[in-house]
Amino acid sequence: MAKEASNGSTKPPPTPSPLRNAKFFQANMRILVTGGAGFIGSHLVDRLMENEKNEVIVADNYFTGSKDNLKKWIGHPRFELIRHDVTEPLLVEVDQIYHLACPASPIFYKYNPVKTIKTNVIGTLNMLGLAKRVGARILLTSTSEVYGDPLVHPQNESYWGNVNPIGVRSCYDEGKRVAETLMFDYHRQHGIEIRIARIFNTYGPRMNIDDGRVVSNFIAQALRGESLTVQSPGTQTRSFCYVSDMVDGLIRLMEGENTGPINIGNPGEFTMLELAETVKELINPSVEIIMVENTPDDPRQRKPDITKAKELLGWEPKIKLRDGLPLMEDDFRTRLGVPKK
Ligand SMILES: NC(=O)c1ccc[n+]([C@@H]2O[C@H](COP(=O)([O-])OP(=O)(O)OC[C@H]3O[C@@H](n4cnc5c(N)ncnc54)[C@H](O)[C@@H]3O)[C@@H](O)[C@H]2O)c1
Ligand SMILES: O=C(O)[C@H]1O[C@H](OP(=O)(O)OP(=O)(O)OC[C@H]2O[C@@H](n3ccc(=O)[nH]c3=O)[C@H](O)[C@@H]2O)[C@H](O)[C@@H](O)[C@@H]1O
C-alpha cells in the first residue's frame, strides 16, 4: 500500500488480472504508456524498453506526438503501438500505467481547449477505470501549472495554488487539477494504487521544432538565425529539467511506495531574458533578442521545492541547464539540417 497523503480511509487495491495466475503467463511486467509517442513519453519508453523484463504498450492519438519518436521500437517483440484516443475506453491487460496523454505546449493545449479538458478528465477517468479493472498501478503526469500564478515561492506540494478557473489556460491547469482529484477519489474509493508527479518545465531532444515552448523556440530561432522572442516582461521565471532526469524521477516514483503528489523538476531558476542570453551565448552570439507581447495568465514565477523528491525518492536532477542545452542543440541541428560550423 502507498504510504502517504490518503486524506481518509482507503480500500485495499483490487486483485490484479487473473492472467497473473494463468498457466502460460510470462513473468514480464506489462506497462502501458499513454502519450508515449510524445516528447517525455518516448524517452520514458526508451528507458523502460532497456529492461528485458518489460513489455511496453503505447497508446497515442498522434496529436502532438509522432511514430518517428518510437521508430527504433516498432516491430520489437516486447513493444506495441496503438493509435488510440484516451477519451475512449481502452481494454488491455497491464500491470502499470504511465498516463501522459495530453498536449503540453500552451499553443497546442489552447488550440482545442474543449478537447484538452476532455483528454484530462475523460481520459484520466478511462485510464483509472482500466487500472481498476486489471488492478494496475497508475502514474499521472500532472504539472506545476496546478500552482497557477503562484503566491508561494518556491512551490511545495502542500501549496493549493492560485489558478484562474475561467482563463485560456484553464482547460490545461484546471483539467490537471481535476485529474489529480480523480486519482485520489479512485484511490480512496476503490483502493487503486496511484502515483502523481507534478512535472516542472522539461526540455531535451525530440521536442517538436515548432512546439511553441520557450526552450525549443529559442534553440530553433538561434539555429535559423532569427531573433529570440522573449515575451514581456522577460523577468518571469521558470526552472528547466533535462528529460533524462525527468524520466529517472518518474520511474522512481512509479516503483516507490509514495502516492505523491511529488514535484519533479530542476530548482535552478532563470528569467526568460537570462535563458535567451544563455542560448544566444551558447548557440549563436550573432542573433538579436527582441521583446514580444505575452499571452494571458502567464505565471510570473516558478521553481520547485524538491525536498520531498529527495527524501522519498532519493532523486535530484543531475544535468544543469548549460549542460543540457548543447545536448538538445545537436538534435535540433540534425533535424533542421544546420551543421555545426
Ligand atoms: N514537458 C513539460 O515541460 C511538462 C511539464 C508538466 C507536465 N507535463 C506533462 O507530461 C506529459 C507529456 O508531456 P510532453 O512534454 O511529452 O508533451 P507532448 O505533447 O510531446 O506529448 C503528449 C503526447 O500525448 C498525446 N496525446 C494528446 N492527447 C491525446 C489523447 N486524447 N489521446 C491519446 N494521446 C494523446 C500526443 O499525441 C503526444 O504524443 C503531459 O501529460 C504533460 O501535461 C509536461
Ligand atoms: O512545466 C509546467 O508545469 C508547464 O510548463 C509549460 O508551460 P509554460 O511554463 O508556460 O511554458 P512555455 O510556453 O515554455 O513558456 C515559458 C515562459 O517562456 C515565455 N516564452 C515562451 C515562448 C517564447 O518564444 N518566448 C518566451 O519568452 C513565456 O511567456 C513563459 O513565461 C508547459 O508547456 C506545460 O506543458 C507544463 O505543464
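Worth a mention:
Okay, residues lined up against (1) out of contact with any strand residue (DSSP E or B) (no Cβ under 7 Å at 6 or more places or on another chain); (2) under 27 Å from residue 260 (Cα atoms); (3) in contact (Cβ under 8 Å) with a residue 12 or more places away in the chain:
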residue: 50; (1), (2), (3): yes, yes, no
residue: 53; (1), (2), (3): no, yes, yes
residue: 75; (1), (2), (3): yes, no, no
residue: 95; (1), (2), (3): no, yes, yes
residue: 128; (1), (2), (3): no, yes, yes
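- If you go through the stretch 156-187 and keep only what is basic (Lys, Arg) and within 22 Å of residue 308 (Cα to Cα), you end up with 176, 177.
- Exclusive hit being near ligand 2 (Cβ under 9 Å from one of its atoms), surrounded by fewer than 23 Cβ atoms within 10 Å (Cβ to Cβ) and more than 16 Å from the chain's Cα centre (by Cα), set 225, 234: 234
- Some residue of the stretch 206-214 being more than 9 Å from ligand 1 (Cβ to nearest atom), under 21 Å from residue 68 (Cα atoms), of a type in the set (A, V, I, L, M, F, W, C) and surrounded by fewer than 21 Cβ atoms within 10 Å (Cβ to Cβ): yes
- Residues satisfying the stated conditions in the stretch 53-78, i.e. open to solvent by 80 Å² or more (accessible area, probe 1.4 Å) and over 16 Å from the mean Cα position of the chain (by Cα): 53, 67, 68, 71, 72, 74, 77
- Residue check, residue 124 in contact (Cβ under 8 Å) with a residue 12 or more places away in the chain and within 12 Å of ligand 2 (Cβ to nearest atom): no
- Residue check for residue 134: modelled with pLDDT under 95 and more than 26 Å from residue 68 (Cα to Cα): yes
- Top-ranked residue of the stretch 77-119 - restricted to ones that are in a loop (DSSP other than H, G, I, E, B) and acidic (Asp, Glu), ranked as farthest from ligand 2 (Cβ to nearest atom): 93
- Among the residues of the stretch 131-157, those that are in a helix (DSSP H, G or I) and open to solvent by less than 30 Å² (accessible area, probe 1.4 Å) comprise 131, 134, 144, 145, 146, 147.
- Out of 152, 168, 215, 163, one residue alone is in contact (Cβ under 8 Å) with a residue 12 or more places away in the chain and over 15 Å from residue 296 (Cα atoms). It is 215.
The values are calculated or read from the model by the stated rules, or taken from the named source; none is laboratory data. If you're wondering where the values come from, they're calculated on a predicted model, not measured in any experiment. With ideal geometry, Cβ positions are generated from the backbone for all residues, glycine too; neighbour counts draw on all protein chains shown. Accessible surface areas use protein heavy atoms only, side chains included; no ligands, DNA or RNA. Shrake-Rupley method; radii C 1.70, N 1.55, O 1.52, S 1.80 Å.
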